[in-house]
1. Just a yes or no: is a residue in region 268-280 in a strand (DSSP E or B) and either of a type in the set (Phe, Trp, Tyr) or more than 24 Å from the chain's Cα centre (by Cα) (or both)?
2. Which residues, counting only those in region 179-208, are under 45 Å from the mean Cα position of the chain (by Cα), among the polar types (S, T, N, Q) and within 30 Å of VAL454 (Cα to Cα)?
3. Restricting attention to region 145-164, and to residues there that are of a type in the set (A, V, I, L, M, F, W, C) and assigned to a helix (DSSP H, G or I), which single residue is farthest from the chain's Cα centre (by Cα)?
4. Being in a strand (DSSP E or B), polar (S, T, N, Q) and either surrounded by fewer than 18 Cβ atoms within 10 Å (Cβ to Cβ) or under 18 Å from the mean Cα position of the chain (by Cα) (or both) is the filter here; which residues of region 290-320 pass it?
5. Do we have ASN229 as surrounded by fewer than 16 Cβ atoms within 10 Å (Cβ to Cβ), part of a strand (DSSP E or B) and in the same structural domain as ASN522 (by TED's automatic domain parsing) here?
6. For residues that are farther than 21 Å from PRO347 by Cβ and in contact with a Gly (Cβ under 6 Å, 6 or more places away or on another chain), tally how many sit in region 424-448.
7. Do you know which of the residues in region 242-261 that are assigned to a loop (DSSP other than H, G, I, E, B) and not small (Gly, Ala, Ser) is modelled with the highest pLDDT?
8. Against the definition (of a type in the set (Lys, Arg) and at pLDDT 85 or above), how does ARG148 come out, yes or no?
Amino acid sequence: MMKEVIKPLKISYFLAWLMPAWNFFSCQAILATEVTHSLTTISDVQPIQESDFNTLVNSPNDLADEVTSVAELSDVQLGDWELQALESLVERYHCVDDSPEVRYYSNQSMTRHEFATELNTCLETISELNSSGFKSSIVETDLIVLERLQTNFATELEILQGQIEGLEARTTLVESQQFSTTVQLRGQAIFAVTAGSFSGDELISPTGTLIADDDPNATLINRVSLFFNASFNNTDQLQVRLTAGSDGADDHPAGLLEPNFASTLDFSVPGRTQFTIGRLFYTFSPMEDLSITIGPRIVATDYVDRNSYANASYLDFSTQALVNNFVLFTRPAGAGAVIDWQPEGSPFKLRGVYVAGNANSFSTNGESVIDGPRAPVLLFPTRGGEGGLLGDPYESIIELEYSIADFALRLQYANGTIFGSRFNAFGANFELALSPEIAIFGRYGYGIYLDSTVGDVHPNYWMGGIAVRDVLTPGAIAGIAVGQPFIEERVGNASQTNFEAFYNFPINDHVRVTPLIQIITNAGNQSSNGTIVTGTLRTVFAF
């Protein structure tokens, strides 16, 4: 009886062993037949990108967060050749992440969709091996297997691809709406020692007020600027500039003449002992070749009346009247806007600037805006301005530039009000490079100012000079210039003339030293004032 029971068991055991073996060898025979047919190259396989696959796997709305081991799946049956083939690919090419962070579940099914994601990972892995020069490590029969698996799971792969494309579209949208929070910090520190004297017994203003009766003491001037620049799309700029300095224009001997004759050191004017906002603006390009700047703190001379050889007081000339056209800029800093149009391929450029000097003040109620001990020496104001974004004081400037390789000409027109006095002004600015090392340059201005303390005035302004580069050492700059900032017979009995010569040489990429000398004749448009002579040693640190 026992033998009869055992015999069927042996037969059943043999059949149970035979059927999987038969399926296995049948699968191998099919694969061998396919190999003899044609070999599909890896370039014909269309894998989904691994980055997209990873994004999709990590999405809780599309796929499970965990990848299940192919050896323990039941949805795609253990006896199916697809599962065995995929398991072989995973083990041979390490397609599926088997790091400790990935958990495997036994006795759980894997859907065809999940199977397709692992298949896609193998497609990507083998494609990378092929493209990176490791084609010899790919078993040829695996290419046939991949092609058949792609065919059998075409629907799932197509669905997966659609989900990936949707994710890509959403990602692109998010990226286009994001902005960079990276802020670039730059800094500049200027230290200068200056001293000077004037001939004669005293200095008087154009109105006859005593300015000084003794030579000023030597002073140490400093200015520190911190630039915070940010961009949201790499075509724009948000800038916040903080500035602190010593004592403004008053810390220089020629500053005794201010604010009427632009003779002080330009870099000494901004900033006091505490940090203040020197610039605050945003620049963007709504269309090609056009940029727009808006902000509560812009400076007109950053955009118009530029010159390659006489414009930056930390680099070349320091006298204000030699750095910019004096009659054009009555109140250059404040809230406003700038339009800069530079057509590509054209030598012409067009710019417009509007600046309101007291944009944050609703009204001054007719009171003097500038008061204190220096008020009696001023040509302006005669009374207070109304303030506000569109009120007195304000200035609008338009500039047309023509520039080619070695020559540039800029024409300007400005108008506005300065503390109750209406003005119009015209300007011209040119530069000509005679060689790579030598250039000449100059400016001219004419203004019409109404209701000054001496009546209506029509000042003329001019300056000219020569600059030489690479003098004695590479990177060095030398220059000499002369100018008359305010030629007007109603103001004084003479015309003040400013001279400056400098030599700027680099110590290294971050430090430059400049000795300079200033000579001012007929200071304050008064012949009795004699001559002012000053010497300055300027050191600039950039980081």
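The values are calculated or read from the model by the stated rules, or taken from the named source; none is laboratory data. Fair warning: this is a prediction, and the values are worked out from it, not measured in the lab. Neighbour counts are summed over all protein chains in view; Cβ atoms, including those assigned to glycine, are modelled from backbone coordinates with ideal geometry.
1. In the first step, residues of region 268-280 are kept if they are in a strand (DSSP E or B); the result is 276-280.
Checking which are either of a type in the set (Phe, Trp, Tyr) or more than 24 Å from the chain's Cα centre (by Cα) (or both) leaves us with none.
No, region 268-280 has no match at all.
2. Listed by number, the residues that qualify are SER197, SER205.
3. The residue in question is VAL145.
4. SER291, THR293
5. Against the criterion (surrounded by fewer than 16 Cβ atoms within 10 Å (Cβ to Cβ), part of a strand (DSSP E or B) and in the same structural domain as ASN522 (by TED's automatic domain parsing)), ASN229 qualifies.
6. 2
7. Step one: of region 242-261, the residues assigned to a loop (DSSP other than H, G, I, E, B) are 246-247, 252, 258-261.
So of that shortlist, the ones also not small (Gly, Ala, Ser) come out as 247, 252, 258-261.
Working: ASP247: 69, HIS252: 71, GLU258: 75, PRO259: 75, ASN260: 79, PHE261: 85.
Step by step, filter region 242-261, then rank; the result is PHE261.
8. Yes, satisfied.
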